[in-house]
1. Among the residues of the range 404-433 satisfying the criterion of being farther than 14 Å from residue 374 by Cβ and among the small types (Gly, Ala, Ser), which is surrounded by the fewest Cβ atoms within 10 Å (Cβ to Cβ)?
2. For the range 203-227, which residues satisfy the criterion of being at pLDDT 85 or above and part of a loop (DSSP other than H, G, I, E, B)?
3. Residue under question is residue 302, and the condition is that it be of a type outside the set (Asp, Glu) and under 24 Å from the mean Cα position of the chain (by Cα); does it hold?
4. Tell me which residues, restricted to the range 385-416, are among the charged types (D, E, K, R), in contact with a Ser or Thr (Cβ under 9 Å, 6 or more places away or on another chain) and closer than 30 Å to residue 340 by Cβ.
5. Can you confirm whether residue 284 is within 15 Å of residue 171 (Cβ to Cβ) and buried (at least 18 other Cβ atoms within 10 Å of the Cβ)?
6. Search the range 342-399 for residues being aromatic (Phe, Trp, Tyr) and touching a Gly at 6+ places or on another chain (Cβ under 8 Å), and hand back the single one that is least open to solvent (accessible area, probe 1.4 Å).
7. Cβ-Cβ below 6 Å, separation at least six or inter-chain, first residue in the range 82-93 and more than 15 Å from residue 435 (Cα to Cα), second of a type outside the set (Lys, Arg): which pairs?
8. Looking at the range 150-190 only, could you name the residues that are open to solvent by less than 40 Å² (accessible area, probe 1.4 Å) and assigned to a strand (DSSP E or B)?
Amino acid sequence: MRAVVSVVLLALVTGLARTEEPPKPAEAGESPAVEHALFPEKESVPLRASLSDGVKLFTPDEEFVLRLHVMAQADGKLFLPGNQDPARSGVYLPRVRTYFEGDLTKSFQYEVSLQRSVEGTFDILDANVNWRPMEQFQVKLGRFLVPYSYDWYDHLEQFFITPERGLFPLNFGLSRAGGGMVGWKLAEKRVEYAVGWFSGQVAGLADTNTTRDAVAYLNVLPFRSTDRFPALRYLNLGGSVAIGDQQYAAEPLPLRTSLQSSDNDEAAQGASAVFLDFFPGVVALGTRTQGALHAAWYVNSLSVETEFAAGRFGYAKEDGTMTVLPVGGFHAGAGYFLTGEQVTDRSVVEPLRPFNPVSGQRGPGAIEPFARVSHLRLGSALFRDGLADASLYTDRATIVDIGWNWYPNKYLKFYFDWQHASYGSPVLINRKSGTLRQTNDLLWVRAQLNF
């Protein structure tokens, strides 16, 4: 897979980089060079470049475009109390990504992105082609974000209000998978829809193809085109559903407070507290259904986001006993720019007064305090059917995040977060000593580059 992607990228860069240079005359006694069929000289065009959000290479008519950009995050985490296992205080790299994306004529878009994975290797994050014959319709094929849940599908991780997603999408989100979808935006962008079918995995980057999911997503801005309610112009309302089947048994991942499921591997175990781990031999298997309702409101300097989700997930034990486990949860959060920046969605923030003393810019940057509450509850069948140990883990968790974001410029962002977690019953926070606690805390600083 990596070799194929490398060849594709090499072909794209080579094709875009050709310019209108006259063919080199053949030397005496030398046969004229034969032009490669893929790049006939008569079709070569000059290449232009620009530097803004990454590097952009393009033809003058912008029919062919290649954009290169990177996103990197570094976390400093201090867990309280400090005697936890597997949670360990330290420095982590949750995401290091490189994006290659652009246009192959204005009707076709492509994306190939790589993410640092286990033990420093890079794996395919996204790889897809999108056909968009008109603004109101698109067909996307490949691997990409599944159009389910506002918290996953509407904006990328670098634009979150808080460092990570709420508890339900963090632990049960569909993340990325291979498949296809149709959708786009209607009625002057007041309605966004998507319908798709995907074959993927429980979590992670590997395309194990153990799952099948049909999904649908709808987001509406009912007051976008009216002047009667200007404060509600960027009010978003909508929902999403997913019906799936875990066709092959897969080990369920522990449920965590500060680590998204796609990064939930052995190399990153220390980056989060665990409040539920299943018994050995329990596997995810069978049908699963889930749905979510969301609302988001962006007005002046204020961002408000909330989502309610519920689902039923199939599990099986070694003796063949099947359990359908109900799960529900919600999160609600808000952020407000004290420095006056205006928002209409969660995207790139350009500070009104950047912080760059070397260049004479001595402003404060953009400062955004935030707060969020998130809750998750699992059904009584979790312990009744013997999927987990009730003396060590819990079926309820609530986290509260309070902090602020600082944007020195449009490319850098720093999160400063205090996260308090409380549980329905004491949970095992140290596997070696057997220590149980009903609350724990995390002091969290994240530095992010998005260029």
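The values are calculated or read from the model by the stated rules, or taken from the named source; none is laboratory data. All values reported here derive from a predicted model rather than from experimental measurement. As a convention, Cβ positions derive from the backbone with ideal geometry for all residues, glycine included, and neighbour counts pool all protein chains shown. Ligands, DNA and RNA are excluded from the accessible area calculation, which covers all protein heavy atoms including side chains. Shrake-Rupley method; radii C 1.70, N 1.55, O 1.52, S 1.80 Å.
1. 433
2. 221, 222, 223, 224
3. yes
4. 401
5. Answer is yes for this residue.
6. 370
7. 89/78; 89/79; 91/76; 92/75; 92/271; 93/74
8. 176, 177, 178, 179, 180, 181, 183
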